[in-house]
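The values are calculated or read from the model by the stated rules, or taken from the named source; none is laboratory data. Keep in mind that what you see is a predicted model, and the values were worked out from it rather than measured. Cβ placement follows ideal geometry from the backbone for every residue including glycine, while neighbour counts extend to all protein chains displayed.
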Amino acid sequence: MRTRTKVVLIACILIAVLLLILLHRHLPFEDQWPRKKIVEEEVPRPLIGLLPQLPHLACFFNGSRAAVYWETYRDIWRYGDNLEEVLCALVDSAQSSVDVAVQEINLPTLAEALQESHQRGVVVRIILENKYSRIPSELSKADVRRLSEYARRKYYEFVHLADLDGNGEISLEEAAQRDALHILKQTRIPIIDDTADGSKGSGTMHHKFLVVDRRIVVCGSVNFTMSGVHGDFANPLTRGNTNHLLVFESPALARMFEEEFEIMWGDGPGGLEDSRFGKQKPHRRPRTVTVDGCPITVQFSPASAKIPYEHTSNGLIVRTIRRARRSVDLAQFVFSAQEIVDAIWAAHRECPDLQLRGIFDMSFATRYYSETLDMWQMALKERGKFETSSETGARNRPWSTSPGRLGLAILPEGDKMHHKFAVIDSMIVITGSHNWSSAANTNNDEALLIIESGDIAAHFLREMDRLSASIHIGPTKKLLQRVKERGGIFPPKR
């Protein structure tokens, strides 16, 4: 009888725990993650040694195990390079100018650094994507209700960051400390977005670069945001979307990025609507400069349909992949360009011993247009049809085998595998803001860089090693079920 009573008691406890979990998931997002103040925490030590940086070319990763830092927003020690600190140090070093072109910025400390530079006479200019140019602390309750679900979640994440007294409202004092756009606009730093050309906005102003004193360029995969750099403020378990920053000291490279900035800036705020974004920009072929003996090739997107595919950014990626003889390592957020996955398959067929690794973001890799499916020997129908390339008409081509280690990044819930890089033969790095998609190629404002350096490749391969140590290899059960329900191929027809 006592045994039966214990079993019933344990069952009741388990049911109560389950109900609490279910209740937690159904709470409004802003209430799901109560704040926790960590009073004492042991300082972690780096797990691996630092790799050498070149004199005028350095790279940083927010998931690096060779560095640790104290994150002041959530009061936690964590592994990684502090990308915000890198940005702030460069802004603080500015003597004459800081030009920023980034999809989104919400880092308060970075905003304060830009504010201070502006106040000491440095010319600061900022270009944003129009969807992220509204000051969040100025949104009314009616404005918030009209937001999309995704935008509303981002707004509540901001509220957690900025509501310092916890009363559910953002005062002017709180906005002055935690609302990055409020800080920038109160300082009267000139800001435009991609509606400055008189349109409703380009495809996406997706750039992520900063130019200091016309000689230092910062670029990579990272948006200047909490989730892009540190992690969600409301979720202490996140460590930020996996991202990297590259810092170049090169007046020649800076001139390329300044040219791109000036095309988009035009006359700036209050001037003529002569800014040019998206397809309105002139087409420019790849250009190459040398930094520390390393050739750096840059191409900006988008390209109109009139431009031959081989002269576009995606065409440059295809040509670079065709050079592969020993290995191809991929870390991709969005990979939906049929022509690029075909080039990887062709490289494998030409060199059967080619070593292939791929790490992909779980939220995008399982969509019907994802080329990760091709690599898994799969195809998924959407509305009864297989995907075809919107640029060249290339048809979906599932591979006949799945060589290499190809899988989904396993990250803390809320973080994304946001890299957009590849390493070819442990020597050539393909990187930038440019996702491997037709949208990036034909609609968005993007930068693509090809860096030929074994030293730089070593940093990116270390990041590959870190991410590939814990991945889900091959398709998920949920994806296989979708193939059965919607129609598709798995395994491919022989």
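Structure above, values below:
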| quantity | calculated |
| --- | --- |
| Filter pass, E169 being at pLDDT 95 or above, surrounded by fewer than 21 Cβ atoms within 10 Å (Cβ to Cβ) and either of a type outside the set (G, A, S) or outside any loop (DSSP other than H, G, I, E, B) (or both) | no |
| Unmet requirement for P44, which otherwise passes all of (1) assigned to a loop (DSSP other than H, G, I, E, B); (2) out of contact with any Gly (no Cβ under 6 Å at 6 or more places or on another chain); (3) modelled with pLDDT of 95 or more; (4) closer than 21 Å to L467 by Cβ | (3) |
| Answer from V289, V247 - the residue that is of a type outside the set (D, E), more than 24 Å from the chain's Cα centre (by Cα) and under 24 Å from L87 (Cβ atoms) | V289 |
| Hits in region 254-268 (condition: part of a loop (DSSP other than H, G, I, E, B) and surrounded by 13 or more Cβ atoms within 10 Å (Cβ to Cβ)) | G266, G268 |
| L83 being closer than 30 Å to G168 by Cβ, in the same structural domain as V217 (by TED's automatic domain parsing), among the hydrophobic types (A, V, I, L, M, F, W, C) and buried (at least 24 other Cβ atoms within 10 Å of the Cβ) | no |
| Residue match in region 152-161 (condition: part of a loop (DSSP other than H, G, I, E, B) and either buried (at least 19 other Cβ atoms within 10 Å of the Cβ) or out of contact with any Leu (no Cβ under 7 Å at 6 or more places or on another chain) (or both)) | no |
| Residues of region 112-141 that turn out to be under 24 Å from the mean Cα position of the chain (by Cα), hydroxyl-bearing (S, T, Y) and buried (at least 22 other Cβ atoms within 10 Å of the Cβ), as a count | 0 |
| Where R65 falls short, out of the listed (1) surrounded by fewer than 20 Cβ atoms within 10 Å (Cβ to Cβ); (2) modelled with pLDDT of 95 or more; (3) under 30 Å from M264 (Cβ atoms); (4) touching a Lys or Arg at 6+ places or on another chain (Cβ under 9 Å) | (3) |
| Residue match in region 473-483 (condition: surrounded by 15 or more Cβ atoms within 10 Å (Cβ to Cβ) and under 30 Å from H56 (Cα atoms)) | no |
| Condition check for T187: out of contact with any strand residue (DSSP E or B) (no Cβ under 7 Å at 6 or more places or on another chain) and under 23 Å from V144 (Cβ atoms) | no |
| Cβ-Cβ under 8 Å pairs, at least 6 apart or on other chains, region 318-334 side farther than 12 Å from L354 by Cα, far side among the acidic types (D, E) | V318/E310; V318/E339; R319/E310; A331/E463; Q332/D361; F333/D361; V334/D361 |
| Count of residues meeting criterion [farther than 17 Å from D232 by Cα and in a strand (DSSP E or B)] in region 67-92 | 1 |
| Residue among V247, V229 that is of a type in the set (V, I, T), more than 24 Å from F360 (Cα to Cα) and touching a Leu at 6+ places or on another chain (Cβ under 8 Å) | V247 |
| Residues of region 84-111 satisfying the condition of being farther than 25 Å from N444 by Cβ, of a type in the set (D, E) and under 23 Å from the mean Cα position of the chain (by Cα) | E85 |
| Set D193, D232: member being in the same structural domain as A113 (by TED's automatic domain parsing) and closer than 25 Å to S304 by Cα | D193 |
| Selection from region 461-481 of residues that are touching a residue at least 24 places away in the same chain (Cβ under 8 Å) and either in a helix (DSSP H, G or I) or among the polar types (S, T, N, Q) (or both) | L461, R462, E463, M464, R466, L467, S468, S470, T476, K478, L479 |
| Test result for S453, of a type in the set (S, T, Y) and closer than 20 Å to S370 by Cα | no |
